[in-house]
Amino acid sequence: MRVTGTIDLLPSQMRLYNKICETFFAICKLYGYEEVATPILEDIRVFDRNLGLETDVVSKEMFFLEKKQDETLVLRPENTAGVMRLCQEGGLFQKLPQRLAYYGPMFRYERPQKGRYRQFHQFGVECIGVASYMADVENIQMAVHFMQEIGLAELTELEIHTLGSESERDAYKQALHDYLLPYKNELSENSVRRFDKNILRVLDSKNVHDQKILETAPVMRNFLQMESAKYFDNILESLENFGISYTVNPFLVRGLDYYNQTVFEIKTPALGAQSAVLGGGRYDGLAQQFGEKTPTPSIGWAAGMERLFLLAQEHQTLSVPPRKNIVIIAMTEAFDQEAQKYASLLRKEGIACLTVHEGTLRKRMKIASRLEAKYTIIFAPKEMENKTAILRDMMRSEERILPLADLIITVKKHYDT
RNA sequence: GCGGGUGUAGCUCAGUUGGUUAGAGCGUCAGUUUGUGGCAUUGAAGGCCGUGAGUUCGAAUCUCAUCACUCGCCCCA
């Protein structure tokens, strides 16, 4: 009985899964991002105020653990706040800039759906302490690069927007509120809810009448001061120069309160309702929540492993290498020891090797085949009399008889070809 | 939290207006000159028809409940 909202991964799936992980960390290495790890368990205070008390993630989606005295523990619902905590407690804010990466399980108590699970895994990167817009560009470039490397570039697209500074955003929200208020009883039920909860989300309404009202609504762009506008334009210009295509989505609103200025998402139409596979943005104010005296320019993103995995699996965008095992078959028990001995020798050479001890030769060959054997070595009575063994190339269906003394060196020679 | 759909073999699914021993394909296992895998072929095993109650002479099939999965809404990765 699997717990609701969790998934198992079979060996065959795990290979693709690991390939995605390896790709992520290879990208991190190329951009100079170092891996960190924080606990899955955190004090609730890491998240509640920092993500926003009114956000869904905090208000209804966290897994609580039994209270011990006056501390309340939760399973982390995301990891940007956790990384900020790590930076503070590990003294990393003293040595800026920091470029950090993480991977691990996150937990949100939601209704499971395709690509949405209660335990899911996020890849994330955070660039802390670089105020230049080049940090944004680098970060986004990295995200796009990651998509390309796992073959999802064709299936996804980048959307970007800016929320401006906190004061600019507040001014805009106020203006939007003032504009929409007279229309409030005309708005769709959904938009009314958004009006009260997160007014920017009203902009994203699919309702035709709502859209008509929104046609003449104030736009964010006009509330940006010179500095913010220039910052955003610089990013867009750079993306174009680097050949990264994007769509400016003025309705892009992120679900966590700590974002300011640049926000972006990588979306796919191929996953049903779960269109976002990666999301991120700037969060210059978050470090202060963890004790920094002044705003610390920071930007990062997180990608959902399960969503990437589903896309890569369904669209077969990533090839996983064959296992390339060597399988040793001892045809009679008398050769078991010998088989193990040669298996050990091969492993010492860094070559993956298994032995098969049960059943008829036919049966054992089937097992070797299923183990994706590149070569099968057969220790058979007739050949063993002359200190030789059979080496079978499973792909080519060719065999030859080799002196035992040449076995290791021959396999080693052909293993990587 | 709110809607819709589906639960039959390891997997993907059939199962006719309720009617005797519940089927297929794939997979598994065992054979097909007992010293050779993939292909082909023969055969076998494998199901409390999600769970509980009800209607009925009789339920995989109808009703209710419950659980799980799934797709949307909301939100997000």
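The values are calculated or read from the model by the stated rules, or taken from the named source; none is laboratory data. Quick caveat, the model's predicted, so the values are computed rather than measured. Using ideal geometry, Cβ is built from the backbone for each residue, glycine included, and neighbour counts are taken over all protein chains shown. Side chains are part of the model used for accessible areas, which takes the heavy atoms of the whole protein and leaves out ligands, DNA and RNA. Shrake-Rupley method; radii C 1.70, N 1.55, O 1.52, S 1.80 Å.
Here is a yes/no grid of residues against (1) small (Gly, Ala, Ser); (2) touching a Ser or Thr at 6+ places or on another chain (Cβ under 8 Å); (3) under 23 Å from A:Val248 (Cα atoms):
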site	(1), (2), (3)
A:Glu157	no, yes, yes
A:Gly164	yes, yes, yes
A:Tyr172	no, no, yes
A:Ala175	yes, no, yes
A:Ser191	yes, yes, yes
A:Lys206	no, no, yes
From A:Leu214, A:Leu187, which residue is modelled with pLDDT under 85, in contact with a Phe, Trp or Tyr (Cβ under 7 Å, 6 or more places away or on another chain) and open to solvent by 10 Å² or more (accessible area, probe 1.4 Å)?
A:Leu187
Name the pairs whose Cβ atoms lie under 6 Å apart, with the first residue in the range A:360-374 and of a type in the set (Lys, Arg), the second surrounded by 13 or more Cβ atoms within 10 Å (Cβ to Cβ), and 6 or more positions between them or separate chains?
A:Arg364/A:Ile329; A:Arg364/A:Val356; A:Lys374/A:Lys324
Subset of the range A:163-176 (residues that are within 16 Å of RNA strand B (Cβ to nearest atom) and in a helix (DSSP H, G or I))
A:Arg169, A:Lys173, A:Leu176
Restricting the search to the range A:39-57, which residues are within 24 Å of the chain's Cα centre (by Cα), open to solvent by 20 Å² or more (accessible area, probe 1.4 Å) and within 16 Å of RNA strand B (Cβ to nearest atom)?
A:Ile40, A:Asp48, A:Asp56
Count of the range A:382-395 residues which are open to solvent by 60 Å² or more (accessible area, probe 1.4 Å) and either among the small types (Gly, Ala, Ser) or near RNA strand B (Cβ under 7 Å from one of its atoms) (or both):
2
Return a yes/no flag: does the range A:132-144 have any residue that is outside any helix (DSSP H, G or I), in the same structural domain as A:Ala37 (by TED's automatic domain parsing) and either surrounded by fewer than 18 Cβ atoms within 10 Å (Cβ to Cβ) or within 7 Å of RNA strand B (Cβ to nearest atom) (or both).
yes
Hits in the range A:327-361 - residues which are within 16 Å of RNA strand B (Cβ to nearest atom), touching a helix residue (DSSP H, G or I) at 6+ places or on another chain (Cβ under 6 Å) and under 26 Å from A:Cys21 (Cβ atoms)
none
Report the residue count in the range A:199-245 for those that are among the basic types (Lys, Arg), without any contact (Cβ under 8 Å) to a residue 24 or more places away in the chain and either under 25 Å from A:Ala143 (Cβ atoms) or not in a loop (DSSP other than H, G, I, E, B) (or both).
2
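Among the residues of the range A:65-72, is any away from RNA strand B (no atom under 16 Å from the Cβ), out of contact with any Pro (no Cβ under 9 Å at 6 or more places or on another chain) and under 29 Å from A:Phe242 (Cβ atoms)?
no
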Consider A:Ala312 against the criteria (1) free of Cβ contacts under 8 Å to residues at least 60 places away in the same chain; (2) within 15 Å of RNA strand B (Cβ to nearest atom): it satisfies all of them except one. Which criterion is unmet?
(1)
Being open to solvent by 40 Å² or more (accessible area, probe 1.4 Å) and small (Gly, Ala, Ser) is the filter here; which residues of the range A:89-123 pass it?
A:Gly90
Verdict on A:Lys60 being touching a Phe, Trp or Tyr at 6+ places or on another chain (Cβ under 8 Å), among the basic types (Lys, Arg) and open to solvent by 60 Å² or more (accessible area, probe 1.4 Å)
yes
Within the range A:197-211, tally of residues that are open to solvent by 90 Å² or more (accessible area, probe 1.4 Å) and more than 16 Å from A:Arg169 (Cα to Cα)
2
Since A:Ala153 meets every condition but one in (1) under 30 Å from A:Leu16 (Cα atoms); (2) within 13 Å of RNA strand B (Cβ to nearest atom), which condition does it not meet?
(2)
Residues of the range A:363-381 being buried (at least 20 other Cβ atoms within 10 Å of the Cβ) and not β-branched (Val, Ile, Thr), which ones?
A:Arg364, A:Ala368, A:Ala373, A:Lys374, A:Tyr375, A:Phe379
